[in-house]
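Q: Take this structure, written in structure tokens, and hold onto it; I'll ask about it next.
Nothing in this text is a laboratory measurement; each read-out follows from the coordinates by a stated rule. Nothing here was measured: the structure is a model prediction, and the numbers come from that model. Quick reminder, even Gly has a Cβ in these numbers, built from the backbone with ideal geometry, and neighbours come from all protein chains shown.
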Amino acid sequence: MSGLSPRKLRGAIAGAMRDGMTRTTIEAFCHEDLKLPVPQPAGVWDQHTKFNYVDVLLKDKSLAELAAIAVQVTDEIPAVDLLELARQVGAGGVAGELKNLIFAANGPKPEIVFRDAINNDIAVVKNERYCLIYDRPLGAAGLTWQDLTTWWAQREGLVAEEREIARSLHQRLMQSLANDAERRIMHAYARRYIRYGSDIPALIPQVYLHYDPYARSERGAAGAVLARQRMDFLLLLPNRGRIVIECDGVQHYADDLRRADSRRYAEMVAEDRALRLRGYEVYRFGGYELTEGPESEALLDAFFDQLASRHTT
């Protein structure tokens, strides 16, 4: 648990807004964007500085609510210190906006070019039919299963009951999974859609994190190769939270002859460190944990329950 108090975070928010916004902008942001009630009586601005005005409006907010507000403030103005405070209580996530969500590849690697390199706009020029590309802005709630099924129905031109659309999408996502352990993770999470509804975050399989147009063999021994081009699973949570779930088989720590490979293992943990420093959470399962049976089902159910509890305030 963070030792950060609501009072300290409230003061940090008020200070950042005081330094980075005009009085008019503060008023619009508080009441139009944050939906905070307008204080009475009229003319309250005459009684408060910018700092005190914000501090009073936020006085009854919980630590979790303040953390979410802090993230919204950092979307409006540069406030690195404020974002770091929000991250102490599990908010803040990854800096920057989602641009390209390419996932569920079930065939040859897509070939990607820049349509506009300045704006990071890409185009898939080959093998697009083997992957899915979510092409909508990410809302404040992250990417929910409802968001994904709505997009899928429109993409595929489906006119059917919501359950049938969800089943169709689930089947397509399952096609991208490489082994039974990954399928058990996907099935375990799919049970949560039935239990808790479609407004929980979607579990997205086989998401491109890095992209290298060349295979390792094409680069040669001296060529630098981007580590971990794809993540096994990704959850996009509110407030830019991003959770990576990896299922480790023998290829993560051994060479092609199944001999222990310290270099390969070191590459994996180095990439984990880099992801965490960028704001991702990374959780790993050993393939041995996810053999068929009730034990692995119970393990996954407990993990996802604890994960949801950690991120639900």
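Q: Across the stretch 23-30, in residue order, what do the Karplus-derived ³J(HN,Hα) couplings come to in whole Hz, using 6.51 cos²θ - 1.76 cosθ + 1.60 with θ = phi - 60° and x for Gly and Pro?
A: Ordered by residue, 3J(HN,Hα) equals 4, 5, 5, 4, 4, 5, 5, 5 Hz.
Q: Follow-up question, since we're still on this one. Please list, in order along the stretch 274-284, the HN-Hα scalar couplings obtained from phi with the Karplus expression 6.51 cos²θ - 1.76 cosθ + 1.60 (θ = phi - 60°), rounded to whole Hz, x for Gly and Pro.
A: Each residue's phi maps through the Karplus curve to give 4, 5, 5, 5, 8, x, 7, 9, 10, 10, 10 Hz.
Q: Based on the mean of other beta carbon atoms within 10 Å per residue, what is the order of 99-107, 182-190, 134-142, most packed first?
A: 182-190, 99-107, 134-142
Q: For the stretch 53-152, take every pair of Cα atoms, bin their distances at 10 Å starting from 0, and report each bin as a whole percent.
A: 13, 31, 29, 19, 7, 2
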